[in-house]
C-alpha cells in the first residue's frame, strides 16, 4: 500500500493561540519546557541514585520512586532524553544515559508486557538521539523477550501474569507493540512484526466497541474464546476508562504508522472521535467517561497528555482539522495553572493525574513523559513522530542477520542513504555464489529480506552487499 502524504492548509492553525491568557501556545510550550527542566534538575540534585526511578507523587506532591522492574521505570529516563533533545545540554545527556543504563537488565524481562514501556521510552529515545549501537541491540533483545508472551492460538501477547484471570489482555498493551514493530524494521525477525499485527487485529476485534469506546481487560480461554470483558481501573465493566481509551488511540495510530493498513487507521479515528466527543469543556477528561458522579470525581491529566500526543500524529493521516485542533486545545489546557504544577508544592510537571477509580489526583511520571512528548511534537510541527529511528547512514549499512546461527530461514537487513543499484548475494566458503537475494535499483531507506537456506547444508556462508563500487560482507552460520 502506498504511503499517504497529506499537505493541508490547516497546518497554519499551529500558530493560532487557544490560550486562556494573552500568551500564545508557542510561548506556553517554551515556558513549560523551562519549568520541566527546573523541576527535574532540582530533584536530581537532591536524589542522585540512578537505580531509583520516578513513579508517582504523594498527595503532598513529593515524588515516590520505584525500582527498575516497575512498569513505569523507563519514563523518567525518557523525560531526560526529551530535555536533552530540547536543550542539547551535556547535563541532560549525562543524566539520561545514567538512568537509562540502570534499565538494561529489563531487556530480558519476560514477566509482563511492560518491557515495551520500559525500553522504548528509555533506550528507544536514546537510540533515536544518539544512534548508539549497544542501545539498538538492547532494544532487539527486549523485543524478543516480549514476543515470548505471544500465544498463537489466542493471537495476542499476554498482559499480566498475576490475578485471577486466565489469559488477560489489556488495552494498554497496544502501546508495547511499538517495540515489536521497531525491532522488525531494525534488524529483528519479521515474526515480530507478525506478532504485533496479530495482537492489534485481535484487540480491535475484542476490545473496541461499536461506538468507538473500549474495554479495559479481555480475558481469554486457552482455546482463544473470550471468557469476560471487564475493567480493572475504570468505573464499571461497561464504562470507558479514559486512560485506556487514550492508550488505544495512541496504539492504533502508531500501528497504522508501521503497517499503513487502513483498518488500523479507521480504528484510531473511531477511538479519537469517541474521546473528543466526550471531553469536558476544559479538554481534560475525568478518570472515566461514564462515572455518574461526574463532575465530583478525579480528572486524569495523564489521559489528556497521551491523547494529545497521539492526536498530533493522527492529524497527519486525516484531512479533518479537528484532530490537530483538539491536540492543541488539550495541550493548552495542560499548560494552564489548572494542571501545570508551577507555583505549587508538587515536584512533578503536571498534577491532577489519576491512576484508577477511587484514587486521588496526583502527579505521575507517565503523565509528565507524554506531556513532554506532546510539547516536542508540537514544536517540531509533526516532523519527529517515529521514535527510536536513527538517521540513515552516509552511504549504506549491512546488518548481521537474525537469527544466527539458524536452521532454514534468517532475515537480513540493510540501509541505503540514497537511491542505488544494489546486489545482495550469498556465497559458500569457497566463494561460489549460491543465491542472489536482490539485484535491482532501490530507493533510500531501510530494507529487510529473508534468506531461505533450507536447500543448503550446514556450514559457514557469506552474504555480500554491493552498492556501486563498495562492498560489505557478513558471515552467516547454518546448523541442521
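The values are calculated or read from the model by the stated rules, or taken from the named source; none is laboratory data. Please read all numbers here as calculations on a predicted model, not as lab measurements. Note that we place each Cβ from the backbone using ideal geometry, even for glycine, and neighbour counts take in every protein chain shown.
From 296, 315, grab the single residue that is out of contact with any strand residue (DSSP E or B) (no Cβ under 7 Å at 6 or more places or on another chain), buried (at least 24 other Cβ atoms within 10 Å of the Cβ) and either modelled with pLDDT under 95 or not in a helix (DSSP H, G or I) (or both).
Exactly one residue qualifies, and that residue is 315.
Quick one: count up the residues across segment 265-293 that are buried (at least 24 other Cβ atoms within 10 Å of the Cβ) and farther than 17 Å from residue 367 by Cβ.
Here is the first cut: in segment 265-293, the ones buried (at least 24 other Cβ atoms within 10 Å of the Cβ) are 267-268, 271-272, 275, 284-285, 287-288.
Add one more test, that the residue is farther than 17 Å from residue 367 by Cβ, and what stays is 267-268, 271-272.
Total satisfying the criteria: 4.
Among the residues of segment 148-176, how many are in contact with a strand residue (DSSP E or B) (Cβ under 8 Å, 6 or more places away or on another chain) and under 30 Å from residue 397 (Cα atoms)?
The total comes to 1.
With the checklist (1) part of a helix (DSSP H, G or I); (2) buried (at least 17 other Cβ atoms within 10 Å of the Cβ) in hand, flag the one item residue 105 doesn't pass.
For residue 105, the failing item is (2).
Going by the structure shown, is residue 449 more than 21 Å from residue 189 (Cα to Cα) and in a strand (DSSP E or B)? Walk me through how you get there before you give the answer.
Values: more than 21 Å from residue 189 (Cα to Cα): no; in a strand (DSSP E or B): yes.
So residue 449 does not fit the description; no.
Under 6 Å between Cβ atoms, which residue pairs at least 6 apart in sequence (or on different chains) link something in segment 87-100 that is closer than 17 Å to residue 131 by Cα with a partner that is in a loop (DSSP other than H, G, I, E, B) and modelled with pLDDT of 95 or more?
Filtered contacts from segment 87-100: 98/50.
Hey, among the residues in segment 359-383 that are surrounded by fewer than 15 Cβ atoms within 10 Å (Cβ to Cβ) and modelled with pLDDT under 95, which one's nearest to the chain's Cα centre (by Cα)?
Of everything passing the filter in segment 359-383, 383 is nearest to the chain's Cα centre (by Cα).
Conditions tested, residue by residue: (1) at pLDDT below 95; (2) within 27 Å of residue 182 (Cβ to Cβ); (3) more than 25 Å from the chain's Cα centre (by Cα).
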site: 201; (1), (2), (3): no, yes, no
site: 206; (1), (2), (3): no, yes, no
site: 221; (1), (2), (3): no, no, yes
site: 225; (1), (2), (3): no, no, yes
site: 237; (1), (2), (3): no, no, yes
site: 250; (1), (2), (3): no, yes, no
site: 253; (1), (2), (3): no, yes, no
site: 258; (1), (2), (3): yes, yes, no
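With the requirement that a residue be modelled with pLDDT under 90 and surrounded by fewer than 16 Cβ atoms within 10 Å (Cβ to Cβ), what does segment 456-471 give you?
Residues satisfying the conditions are 468, 469, 470, 471.
Mind checking which residues of segment 191-230 are in a helix (DSSP H, G or I), farther than 20 Å from residue 115 by Cβ and in contact with a helix residue (DSSP H, G or I) (Cβ under 6 Å, 6 or more places away or on another chain)? Break it down into steps so the answer makes sense when it comes.
Residues of segment 191-230 that are in a helix (DSSP H, G or I), as a first pass: 191-206.
Within this subset, residues satisfying the condition of being farther than 20 Å from residue 115 by Cβ are 201, 204-206.
Matches in segment 191-230: 204 only.
Condition test on residue 316, is it under 22 Å from residue 351 (Cβ atoms) and in the same structural domain as residue 244 (by TED's automatic domain parsing)? I'd like the intermediate steps shown before the answer.
Working: under 22 Å from residue 351 (Cβ atoms): no; in the same structural domain as residue 244 (by TED's automatic domain parsing): yes.
So residue 316 does not fit the description; no.
Report whether or not residue 268 is farther than 19 Å from residue 175 by Cβ and in the same structural domain as residue 180 (by TED's automatic domain parsing). Walk me through it before giving the result.
Values: farther than 19 Å from residue 175 by Cβ: no; in the same structural domain as residue 180 (by TED's automatic domain parsing): yes.
No.
Out of 96, 142, 101, I need the residue that is modelled with pLDDT of 95 or more and within 17 Å of the chain's Cα centre (by Cα). Which one? Give the steps one after another, and end with the answer.
On the way: 96 fails: within 17 Å of the chain's Cα centre (by Cα); 101 fails: within 17 Å of the chain's Cα centre (by Cα).
Of the residues listed, the single one that is modelled with pLDDT of 95 or more and within 17 Å of the chain's Cα centre (by Cα) is 142.
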